[in-house]
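Worksheet for the structure shown next.
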Amino acid sequence: MMSVYLQGNSWAHRLPAGLKLLAIALASLLLLQYTSFWVLLPALGAVLLCYASLGRDGLAQLKLLRAMSYLLAALLVLHWVSGSLLEGVAMILRLAIMILSANFVSVTTRMDDMLDAVLPLFKPLEIFGFSPRKPALGVALVLRFAPYMLVVFAQLREAWQARTGTRNSWRLLAPFAIQSLSMSDHVAEALKARGGSQGLSR
């Protein structure tokens, strides 16, 4: 299966998947309460240090920042036009921290570990006769591949810029949709080969 997981035995790899997901959720809730740069900048620095602790491969994952640059810049311009530039800077710092943190969990957590961590949230479905593994798998896949799709869009944008000299165009939406559907097909085939949601077990 296509994966953004980085093989390794770092401190982040050894942490339980559930603990990492809980930490991300709590940190995101806390960040929503703050707009001070004295909080957001150290938090961003801490996330970057986490990537640096993984070595060269970890630092290479920071290309995700380039993938997010257009979205963050557009949001900043909107806040600038509306007269709330500082609030816009705080918002994009918060978004960058959250997305990079989620991606860090993805690159240091195996898919089946992430599935096992999410599974207890859907256990109540068993009362109604539904399998909790299928919705848990859906959530795990979103956590896994959302950052990857940002990288795909960045690659398409760079190819478009190399051919036309402009960075962005609505014409990128069609190839991005095709890439997304293609990835979905690959993931579906890989899941089918492994027995579906039931196959992703230890």
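Could you tell me whether any residue of the stretch 93-102 is among the β-branched types (Val, Ile, Thr), in a loop (DSSP other than H, G, I, E, B) and open to solvent by less than 70 Å² (accessible area, probe 1.4 Å)?
no
Restricting the search to the stretch 1-44, which residues are in contact (Cβ under 8 Å) with a residue 12 or more places away in the chain, open to solvent by 70 Å² or more (accessible area, probe 1.4 Å), of a type in the set (A, V, I, L, M, F, W, C) and within 21 Å of Val139 (Cβ to Cβ)?
Met1, Leu32
Go through (1) touching a residue at least 24 places away in the same chain (Cβ under 8 Å); (2) open to solvent by less than 50 Å² (accessible area, probe 1.4 Å) and name the single condition Pro132 misses.
All conditions are met except number (1).
If you take the residues of the stretch 49-68 that are in contact with a helix residue (DSSP H, G or I) (Cβ under 8 Å, 6 or more places away or on another chain) and free of Cβ contacts under 8 Å to residues at least 24 places away in the same chain, which of them is least open to solvent (accessible area, probe 1.4 Å)?
Ala52
The values are calculated or read from the model by the stated rules, or taken from the named source; none is laboratory data. Quick caveat, the model's predicted, so the values are computed rather than measured. Neighbour counts run over all protein chains shown; Cβ positions are idealised from the backbone, glycine included. Just so you know, the surface numbers come from the protein's heavy atoms only, side chains and all, with ligands and any DNA or RNA stripped out. Shrake-Rupley method; radii C 1.70, N 1.55, O 1.52, S 1.80 Å.
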